[in-house]
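Asker: Structure below; questions to follow.
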Amino acid sequence: MNPITRVINDRTEARKLGDNNADICFLALADKQGQASVRTLVLRDISDNRFALFLNKTSPKWQLLQAGASYELLLWYPTMQRQYRIGGSMVEIDPAVVKTNWMRRPQGSKLLDQVYQSMSAQSSEITSRDQLVDEITRLRQSNKIDEAPAPEGVGGIELIATRIEMLDLNRDDRIHDRQIFRLIEDSWQSTVLVP
């Protein structure tokens with residue numbers, strides 16, 4: 001089976017099972033010096049072999065990706081005991097698509113994107129949490145956030161999978177199933193790995 005189809009089917013099943021990880025992913029990055037970092041993000045969409053993520057362009061992760069950082073995306077569905085590690089290349093999503101999708105985001109996410117524009121870049125240091133709360137309160141009072149256009153700092157990337165490693169821990173015989181899928185000339189080739 002095509003590994004993308006497996007991922008999509010497993011994500012659908014994880015949603016049905018109420019899995020808290022069904023709509024999130026873990027993005028690991030390594031900069032050119034090999035310094036690793038990892039963060040939890042919302043996985044917006046999966047289509048073909050592309051995994052879409054929305055990011056703010058003020059964030060350190062955006063800067064790393066733009067500088068050519070290596071990445072690996074991890075999907076872990078505990079309700080199914082199944083993990084996917086995904087690697088490949090990256091492209092920026094058309095800004096018009098990102099801005100259209102931004103309008104459908106939850107209000108809290110929209111407010112944070114506004115904060116990054118009005119107060120300080122994502123992950124920057126501030127004097128206190130109260131400063132952040134005050135800025136969000138000011139933004140709520142000053143404009144209709146649900147009608148406001150997307151700020152310039154919103155962005156998105158598609159991680160284009162060329163390698164997917166699957167680990168299935170939910171086996172009756174307790175022998176884990178581990179496979180690696182590689183995209184070779186538009187065709188996925190699989191190899192079984194020792195778990």
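Asker: Give the residues of segment 140-176 that are surrounded by fewer than 18 Cβ atoms within 10 Å (Cβ to Cβ), within 30 Å of TRP188 (Cα to Cα) and within 19 Å of the chain's Cα centre (by Cα), sorted by residue number.
Answerer: Matches in segment 140-176: ILE160, THR162, ARG163.
Asker: Does GLY88 satisfy the condition of being assigned to a strand (DSSP E or B) and small (Gly, Ala, Ser)?
Answerer: Yes.
Asker: If I filter segment 34-85 down to residues being outside any loop (DSSP other than H, G, I, E, B) and basic (Lys, Arg), which single residue comes out as farthest from ARG178 (Cα to Cα)?
Answerer: LYS61
Asker: Could I ask something else about it? Among the residues of segment 62-70, is any of a type outside the set (D, E, K, R), buried (at least 18 other Cβ atoms within 10 Å of the Cβ), assigned by TED's automatic domain parsing to the domain that holds ARG171 and modelled with pLDDT of 90 or more?
Answerer: Within segment 62-70 (the criterion being of a type outside the set (D, E, K, R), buried (at least 18 other Cβ atoms within 10 Å of the Cβ), assigned by TED's automatic domain parsing to the domain that holds ARG171 and modelled with pLDDT of 90 or more), the answer is no, since none of the residues qualifies.
Asker: Also, quick follow-up: Out of segment 91-105, which residues are assigned to a loop (DSSP other than H, G, I, E, B) and more than 16 Å from the chain's Cα centre (by Cα)? Steps first, answer last, please.
Answerer: First, pick out the residues of segment 91-105 that are assigned to a loop (DSSP other than H, G, I, E, B): 93-94, 103-105.
Within segment 91-105, ASP94, MET103, ARG104 qualify.
Asker: Restricting attention to segment 26-55, which residues are surrounded by 15 or more Cβ atoms within 10 Å (Cβ to Cβ) and charged (D, E, K, R)?
Answerer: Correct list: ASP31, ARG44, ARG50.
Quick grid of which residues meet (1) closer than 20 Å to ALA121 by Cα; (2) aromatic (Phe, Trp, Tyr); (3) touching a Phe, Trp or Tyr at 6+ places or on another chain (Cβ under 9 Å):
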position: GLN63; (1), (2), (3): yes, no, no
position: LEU75; (1), (2), (3): no, no, yes
position: TYR84; (1), (2), (3): no, yes, yes
position: GLY87; (1), (2), (3): no, no, yes
position: ALA96; (1), (2), (3): no, no, no
position: LYS99; (1), (2), (3): yes, no, no
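Asker: Here is a list: THR58, THR79, THR12, THR5. Which entry is surrounded by 14 or more Cβ atoms within 10 Å (Cβ to Cβ) and modelled with pLDDT of 95 or more? Lay out the reasoning, then the answer.
Answerer: Working: THR58 fails: modelled with pLDDT of 95 or more; THR12 fails: surrounded by 14 or more Cβ atoms within 10 Å (Cβ to Cβ); THR5 fails: surrounded by 14 or more Cβ atoms within 10 Å (Cβ to Cβ).
Answer to the selection: THR79.
Asker: Then there is this: Which pairs turn up if I take residues in segment 121-149 that are in contact (Cβ under 8 Å) with a residue 60 or more places away in the chain and look for partners that are polar (S, T, N, Q) and part of a loop (DSSP other than H, G, I, E, B) with beta carbon separation below 6 Å, at least 6 apart in sequence or on another chain?
Answerer: The qualifying pairs are ALA121/THR58; GLN122/THR58; GLN122/SER59.
Asker: If you don't mind, there's one more thing I want to ask. Quick check on segment 113-126: of everything there that is surrounded by 15 or more Cβ atoms within 10 Å (Cβ to Cβ) and within 18 Å of the chain's Cα centre (by Cα), which residue is farthest from ARG178 (Cα to Cα)?
Answerer: Taking segment 113-126 and keeping what is surrounded by 15 or more Cβ atoms within 10 Å (Cβ to Cβ), we get 113-117, 119-122.
Among the residues that remain, those that are also within 18 Å of the chain's Cα centre (by Cα) are: 113, 122.
Values: ASP113: 39, GLN122: 37 Å.
The extreme case among them is ASP113.
The values are calculated or read from the model by the stated rules, or taken from the named source; none is laboratory data. Nothing here was measured: the structure is a model prediction, and the numbers come from that model. Cβ coordinates were reconstructed from backbone atoms using ideal geometry, including for glycine residues, and neighbour counts include every protein chain displayed.
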